[in-house]
Amino acid sequence: MTYYFPKLHTLFTGVPKVGFSNWMDVLLRANGDLDHAILPLKIGSVHERLSKNYSMPIISHLFTESAFQDAFSFTVVRNPWTRMVSGFRAKLSGEVPLGQMAKLLGRRIAREIRGVEYPGKLDPEYPTFKEYVRWLVKYQGSDNPSFRPQHTLLCVSQADIRYDFIVPLEHARVLSEVVWTKMVPNEYEQLDPCDKVWTKKKVKDSSYTLLKQYDNTPDPQEQRSALLAKEWLSTLDPEIIEQLYSIYNADFAIMNYSNFTHPDFPFPLHSE
């Protein structure tokens with residue numbers, strides 16, 4: 001989904017499992033919709049209530065086409081292998097508390113792959129990583145945004161849309177500073193939480209943390225999703241790996257991402 005923040009004159013395409021909620025938290029604060037950071041467990045519910053007003057299907061008719069063409073635009077991408085593992089961990093594994101829809105999907109996958117008809121008992125209740133992979137291969141991906149290839153969520157097929165920045169999440173600690181300076185001028189209007197009016201405010205570099213890492217470990221190569229991707233994917237048959245790679249082939253091409261067997265994994269490969 002793409003969003004337009006008029007006070008920032010910024011277009012942002014959010015991709016699930018690429019720090020989407022954290023980026024949205026910062027954008028909403030910079031746009032004046034929030035006056036404080038949101039606790040991690042509440043980010044999703046808060047930004048969904050507020051951000052929908054800035055989604056293109058709702059806001060596009062309020063501005064001219066030239067306004068969007070002149071806006072600063074960016075998106076964030078991630079190594080497909082680590083994103084795939086992160087999606088499994090967050091939405092299907094039961095490693096963290098699951099929402100009702102995720103529980104239903106996880107049980108459906110487990111039943112289908114194991115051939116267990118309802119109301120037969122599931123043990124374990126949710127799919128294993130290998131079962132999740134078999135499900136992805138069977139359907140050549142998924143319509144669920146958390147598992148869909150990233151390129152299907154971006155505006156890469158529209159000739160009149162371009163991104164000023166496509167930020168690899170692995171390099172976001174450095175590149176987010178560049179995005180921040182492009183997105184927010186030295187002085188901008190912000191909603192005062194007391195009198196509810198827009199006032200000029202000087203922006204300080206430390207006003208916001210543009211990106212909270214998707215893992216507490218600062219080195220992307222040591223983050224849990226990267227370590228698990230290398231461990232889990234290395235146990236799969238080469239034929240399954242090839243089928244999985246074909247599903248996400250365009251995503252690897254977007255930023256020339258490394259394979260899980262490469263020493264640079266999960267970083268993009270260096271250009272020659």
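Among the conditions (1) over 26 Å from Asn249 (Cα atoms); (2) open to solvent by less than 30 Å² (accessible area, probe 1.4 Å), Thr75 misses just one, which is (1).
Of all the residues in region 217-263, those that are acidic (Asp, Glu), open to solvent by less than 80 Å² (accessible area, probe 1.4 Å) and free of Cβ contacts under 8 Å to residues at least 12 places away in the same chain number 1.
Just so you know, in region 94-118 the residues that are among the hydrophobic types (A, V, I, L, M, F, W, C) and open to solvent by 60 Å² or more (accessible area, probe 1.4 Å) include one that is farthest from Phe147 (Cα to Cα), and it is Val96. Among the residues making up region 70-98, those that are touching a strand residue (DSSP E or B) at 6+ places or on another chain (Cβ under 8 Å) and not aromatic (Phe, Trp, Tyr) are Ala71, Ser73, Thr75, Val76, Val77, Arg78, Asn79, Pro80.
Show me the strands (runs of 3 or more DSSP E) found entirely inside region 153-248 where at least 2 residues are at pLDDT 85 or above.
On the way: elements: 165-168, 187-191, 198-202.
Passing ranges, in order: 165-168.
Residues in region 135-148 that are surrounded by fewer than 19 Cβ atoms within 10 Å (Cβ to Cβ) and touching a residue at least 60 places away in the same chain (Cβ under 8 Å) were compared, and the one that is nearest to Thr2 (Cα to Cα) is Pro145.
Of Lys121, Lys91, which residue is closer than 18 Å to Pro149 by Cα and open to solvent by 60 Å² or more (accessible area, probe 1.4 Å)?
On the way: Lys121 fails: closer than 18 Å to Pro149 by Cα.
Just a single option satisfies the conditions, and that option is Lys91.
Taking the criterion of being open to solvent by 10 Å² or more (accessible area, probe 1.4 Å), at pLDDT 80 or above and charged (D, E, K, R), the residues of region 11-43 that qualify are Lys17, Arg29, Asp33.
The values are calculated or read from the model by the stated rules, or taken from the named source; none is laboratory data. Computed from a predicted structure; not experimentally measured. Cβ atoms come from the backbone with ideal geometry, glycine included; neighbour counts cover every protein chain shown. Note: areas computed on protein heavy atoms with side chains; ligands, DNA, RNA excluded. Shrake-Rupley method; radii C 1.70, N 1.55, O 1.52, S 1.80 Å.
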